[in-house]
1. Report the residue count in segment 69-101 for those that are assigned to a helix (DSSP H, G or I), without any contact (Cβ under 8 Å) to a residue 24 or more places away in the chain and either within 11 Å of the chain's Cα centre (by Cα) or over 24 Å from VAL49 (Cα atoms) (or both).
2. Got a sec? Which of ALA47, ALA33, ALA20 is modelled with pLDDT of 90 or more, out of contact with any strand residue (DSSP E or B) (no Cβ under 7 Å at 6 or more places or on another chain) and under 16 Å from TYR97 (Cβ atoms)?
3. Is it the case that LEU91 is at pLDDT below 90 and either surrounded by 14 or more Cβ atoms within 10 Å (Cβ to Cβ) or of a type in the set (Lys, Arg) (or both)?
4. Look at TRP28 and say whether it is more than 21 Å from LEU100 (Cα to Cα), surrounded by 13 or more Cβ atoms within 10 Å (Cβ to Cβ) and of a type in the set (A, V, I, L, M, F, W, C).
5. When you scan segment 68-86, how many residues do you find that are surrounded by 19 or more Cβ atoms within 10 Å (Cβ to Cβ) and farther than 15 Å from ALA13 by Cβ?
6. May I ask you to list the residues in segment 1-29 that are more than 13 Å from the chain's Cα centre (by Cα) and in a helix (DSSP H, G or I)?
Amino acid sequence: MHIPNKTPKSELALGWLLGAALPPLAFWLILQARPELQGLQRYEEIALVKHINVELITMGMILNAALFFAFLRFNRETMSRGILIASLMWLLAALIYKFLL
């Protein structure tokens, strides 16, 4: 049975979905593994909480980088492009959160 290749548009969308979903998942996993970070979320000094949250978001983006290079290794350039687009979206969100909110 012949399975047709995915279209570039669907690969791009799948890469974007993976790239958009991994940082929040990593953020949640880190908070579950380190419960003291949840206590810091209720801390009164907003600048410290923002700093820690941005660090957690960027740690989640490390998973995006690993997935990006894994897809490049397996010749899935279109999915890699979707992950890169999602990573840029998260980078922009982190910058807005840190400096504008």
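1. So the first thing to find is which residues in segment 69-101 are assigned to a helix (DSSP H, G or I), and the list is 69-73, 77-99.
In the following step, the residues that additionally are without any contact (Cβ under 8 Å) to a residue 24 or more places away in the chain were identified as 69-70, 72-73, 77, 88, 92, 95-96, 99.
Keeping just the survivors that are either within 11 Å of the chain's Cα centre (by Cα) or over 24 Å from VAL49 (Cα atoms) (or both) gives 69-70, 72-73, 77, 88.
Of the residues in that region, 6 qualify.
2. From the options ALA47, ALA33, ALA20, the qualifying one is ALA20.
3. Taking the combined requirement at face value, the residue does not satisfy it.
4. In short, no.
5. Result for segment 68-86: 1.
6. Selection gives PRO8, LYS9, SER10, GLU11, LEU12, ALA13, LEU14.
Table: residues versus (1) loosely packed, with under 14 Cβ neighbours inside 10 Å; (2) under 20 Å from LEU91 (Cα atoms); (3) among the hydroxyl-bearing types (Ser, Thr, Tyr).
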site: PRO35; (1), (2), (3): yes, no, no
site: LEU40; (1), (2), (3): no, no, no
site: GLU44; (1), (2), (3): yes, no, no
site: VAL54; (1), (2), (3): no, yes, no
site: GLY60; (1), (2), (3): no, yes, no
site: ALA66; (1), (2), (3): yes, yes, no
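The values are calculated or read from the model by the stated rules, or taken from the named source; none is laboratory data. Computed from a predicted structure; not experimentally measured. Counting neighbours? That spans all protein chains shown, and the Cβs are built from the backbone with ideal geometry, glycine included.
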